[in-house]
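Trainee: Got a structure here, written out as structure tokens. Questions coming.
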Amino acid sequence: MRNISLIVLILGLSTQSLTAQENSQEPPDSALMTAAQTAVALEEMTLKIAQLEEKRAEQQELLHAQFEARNQKIILFSDFLNNANASVNAMLLSNTLTTYLNDVSALNNPTNNDLGFNLTEKVIQVVDETILQGEKKIGRLPKNRFFSFIGKYLGAPAASALSLALPVAQSIQSVSNLITGAALMDDDISVEKITEMNQKLKLYIEHYEGLSEALRKFNIANIGTKGKLEQLKNQLHNIALERSNVLYGDDLKIKKIIGKEGIEVFLEDHFNVNEIENRVRTVSEQYVIDGELALAAAWNDKHLAFPDFEIARSSVVADQIGAIADESINTLMDYQMDIEEVLKRSIEVGISDPAKVNARIEMMRQNLEEVKKSFENAVQVKEVKNKFQRLAGNSAGAHLP
């Protein structure tokens, strides 16, 4: 309509110009010149109107693309958040790490023979060779009674492979103190024999102290990592709650689901790509009139808001997941190195079988590589980063001017 009005206006002006020229005394050539100029002006005006219309159509198309891009970001964000949450859960519940730790921590068990010695037998052998030397008693007590006590005391199973309920080193020390006390009351047992026994038992005490210290360091580091994971998990849950408030507003059904079934169920069942895509489509279709989208109204709908800081926040989450995953693996590798140092030391002081120790170390290294692969497959750090890249790559052109 605007185009027709302008053209009618120009034609009206042209007609008035020709009428005036007919009533004037100007020569015919001059009238023809004025008519030609009017026709040129009309053509230029028509061209400008066409260019304006084309520009307007292009702008409308661009704005519609920006609206769709923002909606796509909302959908991609839900995909990223679900993957990030799954990654954090995988790190918290990794069975592969537990299996590896139980296997390595079995070395703390006094009944373990992987290093080529049985602790109970070794302690009895040391006592027999240094204190008894063929005698059948220590003081007034028969040696069989002492040996039976040593076997029961040192052979008691640990409360857990990952606990230090009663460190073996302390048990050996207790046995040493008991025998020393009994030996000191026997005039036939010299101080030199007692000293020799304690020196030999000290090698085993230091060995198990080293294993316990390695486990203690690991537990401290692991507690720190789990604390970071729990903090990140809470952060993801808070983000999901914030986004649900934006997307669903005061929808009582959604609030009931979150309150009754928890945020994890909400994320899995109601914050997945399909559900969010349907929600975005439902809100957008409210603004379709006669087959045309009322773009300005749709853009300003509060349920479809997506602030820029969500991209920055997602970047931080992706980086944190990568950093914590690396930290988890590095903690395991440090633990492995500490254990290897203790085992190699046991060879140096002559309390273990070199061949069996080296075989155990090699087995632990292979197990650790398998654990790393399984951990990476479960945690899917690369997938989380890929999801973020898709989200960030879709962030351009998401603003109406």
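The values are calculated or read from the model by the stated rules, or taken from the named source; none is laboratory data. Since we're looking at a predicted model, the values are computed, not measured. Glycine gets a Cβ as well: all are built from the backbone with ideal geometry, and neighbour counts include every protein chain shown.
Trainee: In the same structural domain as His237 (by TED's automatic domain parsing), among the polar types (S, T, N, Q), surrounded by 20 or more Cβ atoms within 10 Å (Cβ to Cβ) and in a helix (DSSP H, G or I), is that true of Ser87? Can you show your working first?
Mentor: On the way: in the same structural domain as His237 (by TED's automatic domain parsing): yes; among the polar types (S, T, N, Q): yes; surrounded by 20 or more Cβ atoms within 10 Å (Cβ to Cβ): yes; in a helix (DSSP H, G or I): yes.
So Ser87 passes the test.
Trainee: Take the residues in the range 114-128 that are part of a loop (DSSP other than H, G, I, E, B) and in contact (Cβ under 8 Å) with a residue 40 or more places away in the chain; name whichever of them is farthest from Ile194 (Cα to Cα). Please lay out each step first, then the result.
Mentor: As a first pass, look at the range 114-128 and keep what is part of a loop (DSSP other than H, G, I, E, B): 114-118.
Then drop every residue that is not in contact (Cβ under 8 Å) with a residue 40 or more places away in the chain, which leaves 114-117.
Numbers: Asp114: 29, Leu115: 27, Gly116: 26, Phe117: 23 Å.
In this case the residue turns out to be Asp114.
Trainee: Right, here's the next one. Of everything in the range 235-256, what is within 26 Å of the chain's Cα centre (by Cα) and crowded, with 18+ Cβ neighbours inside 10 Å? Give them in sequence order.
Mentor: Step one: of the range 235-256, the residues within 26 Å of the chain's Cα centre (by Cα) are 235-247.
The answer is Leu236, His237, Ile239, Ala240, Arg243, Ser244, Leu247.
Trainee: So is Ser105 among the hydroxyl-bearing types (Ser, Thr, Tyr), in the same structural domain as Ser244 (by TED's automatic domain parsing) and either part of a helix (DSSP H, G or I) or at pLDDT 80 or above (or both) or not? I'd like the intermediate steps shown before the answer.
Mentor: On the way: among the hydroxyl-bearing types (Ser, Thr, Tyr): yes; in the same structural domain as Ser244 (by TED's automatic domain parsing): no; either part of a helix (DSSP H, G or I) or at pLDDT 80 or above (or both): yes.
Here the answer is no, as Ser105 does not meet what is asked.
Trainee: Here is a follow-up. Take Leu267 and tell me if it is surrounded by 12 or more Cβ atoms within 10 Å (Cβ to Cβ) and under 25 Å from Asn238 (Cβ atoms). Lay out the reasoning, then the answer.
Mentor: Values: surrounded by 12 or more Cβ atoms within 10 Å (Cβ to Cβ): yes; under 25 Å from Asn238 (Cβ atoms): yes.
In short, yes.
Trainee: So, one more: Take the residues in the range 270-302 that are surrounded by 11 or more Cβ atoms within 10 Å (Cβ to Cβ) and hydroxyl-bearing (Ser, Thr, Tyr); name whichever of them is nearest to Phe77 (Cα to Cα).
Mentor: Result: Ser284.
Trainee: Tell me which residues, restricted to the range 211-238, are of a type outside the set (Asp, Glu) and more than 20 Å from Asn89 (Cα to Cα). First the steps, then the outcome.
Mentor: The first filter runs over the range 211-238 and keeps only residues of a type outside the set (Asp, Glu), leaving 211-212, 214-229, 231-238.
Hits for the range 211-238 are Leu211, Ser212, Ala214, Leu215, Arg216, Lys217, Phe218, Ile220.
Trainee: Now, a different point. I'd like the residue in the range 339-386 that is surrounded by 17 or more Cβ atoms within 10 Å (Cβ to Cβ) and not in a helix (DSSP H, G or I) and, out of all such residues, is farthest from the chain's Cα centre (by Cα).
Mentor: Out of the qualifying residues, it is Ile351.
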